[in-house]
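Read the structure below first, then the notes.
The values are calculated or read from the model by the stated rules, or taken from the named source; none is laboratory data. This structure is a prediction, so every number in the text was calculated from the model and none was measured. Every residue, glycine as well, gets a Cβ built from its backbone with ideal geometry; the counts of neighbours run over all protein chains shown. In case anyone asks, the SASA skips ligands and DNA or RNA and just uses the protein heavy atoms, side chains included. Shrake-Rupley method; radii C 1.70, N 1.55, O 1.52, S 1.80 Å.
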Amino acid sequence: MLCPIIETLRPIPNAGWIPIAIIMFRTVEESTLFITFIGSFFPIFTNVFNGLKELPQSYKDFVILLHINRFEKMFHVFLPGIIQHVFTGLMSGMSGAWLSLIMAEMMNGKSGIGYYTWKNYTLLNYDKVIFGVIIMGCLGAMSSLFISTIAHKQLHWMRRGIF
């Protein structure tokens with residue numbers, strides 16, 4: 001039911017949301033948070049939605065056959081069946097959020113690594129621009145490593161039956 005709305009909003013570039021965010025929110029921080037959310041929401045939603053669509057029919061039959069309640073169905077059948085899609089979505093979402101955050105800071109921010117890099121670019125301080133880009137890369141890599149570590153531990157726990 002929501003797919004037509006999501007598929008209409010999903011292709012809008014993150015920079016296209018900036019005027020809407022400025023109109024909707026009072027502060028630059030709220031606008032930046034909204035744009036960052038938009039950058040992460042669509043990759044996560046798309047991966048989770050596709051994971052649910054690709055869930056084997058045997059999982060759905062299992063739930064019907066055993067009359068499992070909603071909680072057990074979600075957390076003991078469906079989530080383990082789509083967990084790899086969830087973490088793929090989180091990795092893509094982290095990338096989208098990071099890209100959106102840096103772009104929002106460059107466009108309308110007054111602080112942050114994006115603002116620092118853009119300000120130094122306009123001042124022709126290229127050594128500081130390169131430093132800013134390296135910091136962006138390092139922080140992005142640390143974010144990805146964080147999600148990968150959680151994914152690895154979660155999948156390990158699920159295989160052992162702890163989840």
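Observations on the model:
- Fraction of accessible area attributable to carbon and sulfur, the chain (%, probe 1.4 Å): 69 percent
- Within the range 6-35: backbone nitrogen closer than 18 Å to the Ser111 label point (7 Å, Cα to C-beta): 26-35
- The accessible-area ordering, largest first, of the residues Arg10, Arg26 stands as Arg26, Arg10, per a 1.4 angstrom probe.
- Residue of Gly89, Gly39, Gly16 that the Gaussian network model of the chain assigns the largest fluctuation, springs spanning Cα pairs under 10 Å: Gly16
- The range 1-153 - accessible surface per residue (Å², probe 1.4 Å): 65 Å²
- Per DSSP, loop trypsin sites (Lys or Arg not before Pro) in the range 71-163 with at most 10 further Cβ within 10 Å: Lys110
- Column: log10 I(q)/I(0), Debye, Cα scatterers of the range 76-131, q = 0.12, 0.14, 0.23, 0.28 Å⁻¹: -0.44, -0.52, -0.83, -1.00
- Per-residue SASA entry for Tyr121, accessible area with 1.4 Å probe, Å² rounded to 10: 110 Å²
- The chain: equivalent-ellipsoid semi-axes (sqrt of 5 x gyration tensor eigenvalues, Cα, Å): 38, 20, 11
- Sites matching chymotrypsin sites (Phe, Trp or Tyr not before Pro) across the range 1-75 that sit in DSSP coil, with at most 16 neighbouring C-beta atoms within 10 Å: Phe25
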